[in-house]
1. Which pairs turn up if I take residues in the range B:100-116 that are touching a residue at least 24 places away in the same chain (Cβ under 8 Å) and look for partners that are surrounded by fewer than 11 Cβ atoms within 10 Å (Cβ to Cβ) and of a type outside the set (Asp, Glu) with beta carbon separation below 8 Å, at least 6 apart in sequence or on another chain?
2. Considering only the range B:41-54, I want to know if a residue exists there that is touching a residue at least 40 places away in the same chain (Cβ under 8 Å), β-branched (Val, Ile, Thr) and over 17 Å from B:Leu218 (Cα atoms).
3. What are the pairs with Cβ atoms under 7 angstrom where one residue, in the range A:41-54, is within 18 Å of B:Ile183 (Cα to Cα) and within 14 Å of another protein chain (Cβ to nearest Cβ) and the other, located anywhere, is surrounded by 24 or more Cβ atoms within 10 Å (Cβ to Cβ) and of a type in the set (Ser, Thr, Tyr)? Sequence gap at least six, or different chains.
4. Just give me the residues in the range B:182-197 being aliphatic (A, V, I, L, M) and more than 8 Å from chain A (Cβ to nearest Cβ), in sequence order.
5. Tally the residues that are over 14 Å from A:Ala106 (Cα atoms) and at the interface with another protein chain (Cβ under 7 Å from one of its Cβ atoms), restricting the search to the range B:146-166.
6. Out of (1) more than 21 Å from A:Leu105 (Cβ to Cβ); (2) surrounded by fewer than 16 Cβ atoms within 10 Å (Cβ to Cβ); (3) out of contact with any helix residue (DSSP H, G or I) (no Cβ under 8 Å at 6 or more places or on another chain), what's the single condition that is false for A:Asp182?
7. Helices (runs of 4 or more DSSP H) wholly in the range A:35-120 with at least 2 residues that are over 26 Å from A:Ser152 (Cα atoms) - which ones?
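The values are calculated or read from the model by the stated rules, or taken from the named source; none is laboratory data. None of these values were measured; they are calculated from a predicted model. Note: ideal-geometry Cβ built from the backbone for every residue, glycine included; neighbour counts use all protein chains shown.
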Amino acid sequence: MLVIDSVSKTFNPGTVNEKKALDNVSLTLEDGDFATIVGSNGAGKSTLFHAVTGNFFVDDGRIVLDGEDITYCKEHMRSKAIGHLFQDPLKGTAPHMTIEENMALAYLRASTKKHAYFSRISGNEKKKFREQLALLDMGLENRMKQPVGLLSGGQRQALTLLMATMVTPRLLLLDEHTAALDPATADKVLALTEKIIAERKITCLMVTHNMHQALSLGNRTLMMDGGRIVFHVSGEERKKLTIEDLLEQFKARAGKRLDNDRILLSK
Amino acid sequence: MSTIFTLSILRSALELGCIYALVALALFLSFRILNIADLSTDGCFTLGCAVGAMVTLSGHPVLAFFAAMGAGICSGFVTAFLQTRMGVPSILAGIIVNTGLYTVNIAVMDFSSNVNLFACDTIFSLAKEKLSYGWYADWYKLLIILAIVIITGVLLSLFLNTRLGLSIRATGDNEYMVRASSINPLFMITVGLCAANALTALSGTLLGQYQKSCDINLGTGMVTIALASLIIGETLVRKGGIPRKIVGVILGSCLYRFIVALALRMNVPAEALKLVSAIIVAIAIAFPYLKEKSTFYRQRGIHRRICRKEESANVSH
C-alpha cells in the first residue's frame, strides 16, 4: 500500500523560476491497485513519480510504502522495493553490458546477503534469465551475450520491464513507458505490462497520454493539473465514463481544457 | 628492423610497457568503466613509488607492494570522498588530491626529492639470485613483471564480472539505471577509484624497484602516457568482452613503449620525450576519427566519379 500524504514540492523557491510542482497532493493506493494518471503539460505527473522514487526530497508531507515511512529514505534504498520505467527506453539498461549482465544487476535486488558482492552469475541464474527472456518472444534468449546497446528501443524497454519486475516490486511506476516506441512494439510492451501486473498483482501507477489507455487499463484513473490531483475516478463510475466525459470533467475541475500537446484521444 | 631494434631494447620496452600497463589498467577502470577522469593519477603513481621505496629501504621489498597499494587505496578514497560526499566535481577532486599528494610524497621520502635503492634488496635482486642461470638469465626481470601484470589482469577481469564489478560497470554506463536498481552509485564510485589507485600505486612501486630509485617528479605526465596506452589498446582490439579489453590495454602499453623506444633510437633527445608522448597521445586519440573521415572522403570521391561518368554518358547520348 502506498500512501502519499499532503506532499508539496517547489522548485527554485524565491527566484523568478519558482515553480510549485506538487501542491498538497494526497493519494492512497491499496495493494493491487493499478491507477493511470493523465494530465496537462507540467501538471506534475513525473514530479510525483520522482518524489516517490526519491530523486529529490519533498518540502512537505509524508510518503509511506507498506507502512514504512520512506519520505527521507535514499533513492537506492527505495529502489529495492520500487520498480521504475522511464519514457526513454535508453534509461533503463546499461548499453555496454550484455543482456545477461543487465539481468544479473536487476537480480541484485533479491539478494540481501552482503557476501554476495564477490559472487558471479551462476549457471542456475543464467537458465532462469533465459527462461524469462523467452517469455518476451523477441528472440532475446539467444542473444544473452550481446551488449544491450545493440537492441532496438522496444526490445530494450521490454527488457527493462522484465528487469524491473524480476524481483516482484511492491510498487511499479510506469512513466509513459510505451510513448517512445512504434505502435506495434508499444502494443506488445503494453500487453506484457498488463500480463505481468495482473499475474503478480503488482501495485502500479502509470502515466499515459493515451486517453483510451487511461480508462481501459487498471482500476483507477487520476487527472492532474498544476501540481494537484483534480479528478479521481474508480469502480463502477469509471466503467461508464467515456473519453469525452473525462475531458469534460477535466475542464470543469481545472477550469481549462486539457492542453497536453501529445494527448491521444483515439485508440 | 634488426638494425633499429636490438634484443635488449625490445626487452626493456616490454618491461617498461608491462610496468606502465598497470597504470593504463587503472585508467581503464576509472576513465573507461567509471567514466571519471581521475587526475590524481600522477601524484598517486609517485606516492606508490615513494611508499614502496621507503618500505623497500627498510628491508621488505615484497611488503612494499602491499604498503604501496594500501597508500593508493587511501589516496583513491580521498578523491572519491571529495566527489561523492563533498560535492566536488570529479576533475577538481583529482586535481586537489594531486596537489596535496606532492607534499605527502615529499614527506614520505623523508623530505628529500629522491631516494635510491641501490644498496638494498628489491624483488628483482632477490629473484636474480634464484633465476640467474640458464637461458632466462637476461629475462628474469621481464618474467617477474609479466607475472605481476598477468595476475593483476586476471584478477581485474574476474573482479569486473562479480556482482560488485557489474555494479561498478553499470555505474559508469547508465546513471539512471543504477539509481533505479538499488545500487548505491556513491559506494561504487568509491570502490572503483580505490581499486584504480591501488593499481596506479602498484605500478609506481614496481617502477621504483625496477629502476632502483624514486623521484618526486616521477609521476608527471603519467595520466597522458596511460591514456595513450589505453587508447592505442582500444584501437588494437576494438570490440569484445572485458578480458579482451584488458589484454588490449596491456598490449597498447607495450606498443606505446616501442614507439617511444623508436623515437629514442632516432636520436630524439630525452628532454623532448614529453612532447613526443603528447604527440603520440594526440595521434592515437585522433586516429579512429581520422579513419572515419578518410572513409567518408573516399566514398564521396567514388560517388562523384560515378556521377560524373553518368553525366558525361547522358551528354553524349
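1. Close Cβ pairs (under 8 Å, with a partner that is surrounded by fewer than 11 Cβ atoms within 10 Å (Cβ to Cβ) and of a type outside the set (Asp, Glu)) amount to B:Ile106/B:Ser112.
2. Step one: of the range B:41-54, the residues touching a residue at least 40 places away in the same chain (Cβ under 8 Å) are B:41-54.
Narrowing further to those that are β-branched (Val, Ile, Thr): B:41, B:46, B:51.
Within this subset, residues satisfying the condition of being over 17 Å from B:Leu218 (Cα atoms) are none.
The answer is no, given that none of the residues of the range B:41-54 is touching a residue at least 40 places away in the same chain (Cβ under 8 Å), β-branched (Val, Ile, Thr) and over 17 Å from B:Leu218 (Cα atoms).
3. Correct list of pairs: empty, since none qualify.
4. Within the range B:182-197, the first condition is being aliphatic (A, V, I, L, M), and the residues that meet it are B:183, B:186, B:188-189, B:191, B:193, B:195-196.
Listed by number, the residues that qualify are B:Leu186, B:Met188, B:Ile189, B:Val191, B:Leu193, B:Ala195, B:Ala196.
5. Qualifying residue count for the region: 1.
6. It fails just one condition, (3).
7. Per the criteria, A:45-53, A:75-78.
Results for (1) more than 10 Å from every other protein chain (Cβ to nearest Cβ); (2) of a type in the set (S, T, N, Q), shown as yes or no for each residue.
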{"residue": "A:Ile37", "(1), (2)": "yes, no"}
{"residue": "A:Asp60", "(1), (2)": "yes, no"}
{"residue": "A:Val64", "(1), (2)": "yes, no"}
{"residue": "A:Glu68", "(1), (2)": "yes, no"}
{"residue": "A:Lys80", "(1), (2)": "no, no"}
{"residue": "A:Gln87", "(1), (2)": "yes, yes"}
{"residue": "A:Pro95", "(1), (2)": "no, no"}
{"residue": "A:Ile99", "(1), (2)": "yes, no"}
{"residue": "A:Asn102", "(1), (2)": "no, yes"}
